[in-house]
Amino acid sequence: MKQRQLLETLRKAAADKGATLVFVRHGGRHDIYSVSGFRFAVPRRADIAEPTARRIIKEVEDL
């Protein structure tokens, strides 16, 4: 999955919960984002492995 697609999916999942996706900071090879105080890392590369993308999406949807 492309990083842009993943971030758009995360924005929509956050909006469904009445929250927003917030960029926190750049990490070494990841960007750190937050939704309702829950922080998570998103790899900073064009293509993100499908299992990784699904895990991140699931974490945000389960909030």
_For the list (1) without any contact (Cβ under 8 Å) to a residue 12 or more places away in the chain; (2) loosely packed, with under 12 Cβ neighbours inside 10 Å; (3) of a type in the set (K, R), I need the number of the one condition that R29 fails._
(1)
_Within the chain, strands (runs of 3 or more DSSP E) holding 3 or more residues that are in contact with a helix residue (DSSP H, G or I) (Cβ under 8 Å, 6 or more places away or on another chain) and not charged (D, E, K, R)_ = 38-43
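Every number here is computed from the coordinates shown, using simple stated rules; none is lab data. On a predicted model such as this, the values are computed, not experimentally measured, just so you know. Here Cβ is always computed from backbone atoms with ideal geometry, including for glycine, and neighbour counts include all displayed protein chains.
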